[in-house]
Amino acid sequence: MKHTNFFFTLLLFLCFCNAAYAQQKEMKCINTATEKQLEMLKDTRSFGEYELKHEWSDRLTSTQTFRKKLELTGGIEYVFFLVTDPNVDATAIEIKDALGDQLDYEYNVSGLEKNIINFFFTADFDGSYYLLFRVINKQQPSTCTYMGVLEGESDMEDF
């Protein structure tokens, strides 16, 4: 009976952990052309003590903005990333506070890596933030785009 309870508890724990991980990762499309760039970006950040917290992929149109609400911790440095098809015309990430006020904005419209944004941000306070991801692609009606959030360590020397 003790063994049965232990295994049942272990099974519940593993299911809970698996469900928690699944909530952090929402992959609606796969683009094999950009997967290597995405994995390299995540790997290089993991050496800097950054942990992947959220990851999404979705097909974005030029008129669409992908919006996510996240709870961030004040004083912690985050990396927001976007990786998409190399033939896009432009990419952008915008950060807003809970009131909708723009806190920061990063975009790429030229250069060899206009399909990648690797953006550092330190949250000023604990609370809700909105991330907005955008891709402009005049060659295709929609583009598979990977987006994510890596959490770093405390950046309290800036406070």
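The values are calculated or read from the model by the stated rules, or taken from the named source; none is laboratory data. Computed from a predicted model, the values in this text were never measured in an experiment. FYI the Cβ positions are ideal-geometry reconstructions off the backbone, even for glycines, and counts take in every protein chain you see. Surface areas here come from the heavy atoms of the whole protein model, side chains and all, with no ligands, DNA or RNA. Shrake-Rupley method; radii C 1.70, N 1.55, O 1.52, S 1.80 Å.
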**Study point:** Among (1) in a strand (DSSP E or B); (2) open to solvent by 10 Å² or more (accessible area, probe 1.4 Å); (3) modelled with pLDDT of 90 or more, the one test that Gln140 misses
**Key:** (1)
Review point. Out of all the residues in region 52-67, which are surrounded by fewer than 16 Cβ atoms within 10 Å (Cβ to Cβ) and touching a strand residue (DSSP E or B) at 6+ places or on another chain (Cβ under 7 Å)?
Key: Lys53, Thr65, Arg67
**Study point:** Residues located in region 124-145, provided they are aliphatic (A, V, I, L, M) and within 15 Å of the chain's Cα centre (by Cα)
**Key:** Leu131, Leu132, Val135
Review point. Can you tell me which residue in region 106-130 is modelled with the lowest pLDDT, limited to those that are farther than 13 Å from Thr91 by Cβ and assigned to a strand (DSSP E or B)?
Key: Phe120
Review point. Looking at region 87-111, which of its residues are of a type in the set (A, V, I, L, M, F, W, C), more than 19 Å from Gln140 (Cα to Cα) and surrounded by fewer than 13 Cβ atoms within 10 Å (Cβ to Cβ)?
Key: Ala98, Leu99
